[in-house]
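Trainee: Handing you a structure now.
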Amino acid sequence: MSVITDWSAEKAAAFTHDTTHFRHALHERSMFDDDGLARTLDEYPRDKLGIFTMGEDPVAWTTWRRGSAGDLSGAELLAAAKAGRIWLNLRETNKYLQAYAELSDEIFADKAQHAPHAPTFKRDVGLLISSANAQVFYHLDVALVSLWQLRGVKRVWIYPVAEPFVSDQALERIVLREAAEQFAFDPAWDASAIQVELKPGEMVSWTQNAPHRIENGSMLNVSLSIEFMTPRALMRANVIYANGVLRRRLPGLISAHPTIEAGFGPTALAKAAIARGAKAVGLQKAHERKLPATFTLDPAEPGVLKALEQAA
């Protein structure tokens, strides 16, 4: 049985190239009910668990803060998500949990069958458990992304991969890991966005590097955020990487607005070779930022955030 229930020739052709909306039946599986989620939170490596909170203004992306889950049980973490304003991010569940490894195989086998033009690798099946009215600020991803809604309702805004929404220089900084994936947002840009309301049993995928932001409805949300690469997507990432290296190292040999070549033409292949070489010799040092943990959770008061020094 297909994981996605409404494949069509048009959707298969558009997959990875355009914003595409699908239906699925994963939300009916018991692994995503309360007991299943609590068990997953218990089994997932605690040092890999991302726990975050954020402000209410979609422009105030610097209010995104990281916390510590401490030794709370999975049930206690789920209760905190139901009561508070937090975002639990379980990256690469397919790497750490057998049930999610099997789910990943099932999902990508379905994609391979229906969209063979886009073979996938570097697969990251992330589980998101987030509070009512929580949000993810304006950002973009280097990899391709599909967002699968399992519980609750969320709204997604997807913006063009073009200025003023994102500049080539901003893309380069993110691909080179000089800057965070979140960056400044202008609410006026919403007029140019594709808006999607995701309900349980729905999935949306979008163009590589498309900026987007997310707002939950007034209920607990559970989703899968699945990142992956295709040969074309990896080539694009390497071209952007090479443009950034050339702009910084040999500015006289590259224009102020280097082209992001699509496909596998000679220039793109040459830039991919430059990117591989630069990475091999460590020519471009990544400045990856890691947010310090500033709060923790109290099992006696689900959803209440406490400053780490206060908890100590």
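Taken together, the values in this text are just the output of simple stated rules run on the coordinates, not laboratory data. Everything quoted here is computed from the prediction, not taken from an experiment. Here the Cβ is made from the backbone with ideal geometry for all residues, glycine too, and neighbour counts use every protein chain on show.
Trainee: Based on the Cβ-Cβ distance from residue 83 to residue 195, what FRET efficiency comes out when R0 is 41 Å, to the nearest 0.05?
Mentor: That gives a FRET efficiency of 0.90.
Trainee: Under a plain spin-label model, where a point goes 7 Å from the Cα along Cα-to-Cβ, how far apart in nm are residue 21 and residue 71?
Mentor: 4.8
Trainee: Using R₀ = 35 Å, calculate the FRET efficiency as 1/(1 + (r/R₀)^6) where r is the Cβ-Cβ separation of residue 99 and residue 180; round to 0.05.
Mentor: About 0.65, to the nearest 0.05.
Trainee: While we're looking at this one, here's another question. Taking R0 as 30 Å, what FRET efficiency do you get between residue 294 and residue 250 from their Cβ-Cβ distance, rounded to the nearest 0.05?
Mentor: 0.15
Trainee: Right, here's the next one. What is the sum of charges around residue 24, taking Lys and Arg as +1, Asp and Glu as -1, for the other residues whose C-beta is under 10 Å from the C-beta of residue 24?
Mentor: Local charge sum for residue 24: -3.
Trainee: Just how large is the dipole of the stretch 9-229 about the Cα centre, in debye to the nearest 20, putting +1 at every Lys and Arg Cβ and -1 at every Asp and Glu Cβ?
Mentor: The calculated dipole for the stretch 9-229 is roughly 160 debye.
Trainee: At residue 13 and residue 276, where each label point lies 7 Å from the Cα along Cα→Cβ, what is the point-to-point distance in nanometres?
Mentor: Calculated label separation equals 3.3 nm.
Trainee: For the chain, what does -39500 (n - 2.57) per DSSP helix run (n ≥ 4), summed and divided by total residues, give at 222 nm, in deg cm²/dmol to the nearest 500?
Mentor: Rounded to the nearest 500, the figure is -9000 deg cm²/dmol.
Trainee: Can I ask one more? When the chain is treated as a GNM, springs tying every alpha-carbon pair under 10 Å, which of 282, 36, 70 comes out with the largest mean-square fluctuation?
Mentor: Highest fluctuation of the listed residues: 282.
Trainee: State the Cα centre-to-centre distance between the stretch 171-204 and the stretch 205-225 in whole Å.
Mentor: 9
Trainee: Using Cα springs under 10 Å in a Gaussian network model of the chain, which residue among 279, 271, 82 shows the largest mean-square fluctuation?
Mentor: 279
Trainee: A further question follows. Count charges around residue 271 for me, please; just the other residues with Cβ under 15 Å from its Cβ, Lys/Arg as +1, Asp/Glu as -1.
Mentor: My count for the surroundings of residue 271 gives +4.
Trainee: While we're here: Which one of 179, 233, 99 has the biggest mean-square fluctuation once the chain is modelled by GNM with Cα springs under 10 Å?
Mentor: Highest fluctuation among the options: 99.
Trainee: Given the pairs 122/290; 82/154; 111/199; 122/271; 82/290, which are separated by over 24 angstrom at their Cα positions?
Mentor: 82/290
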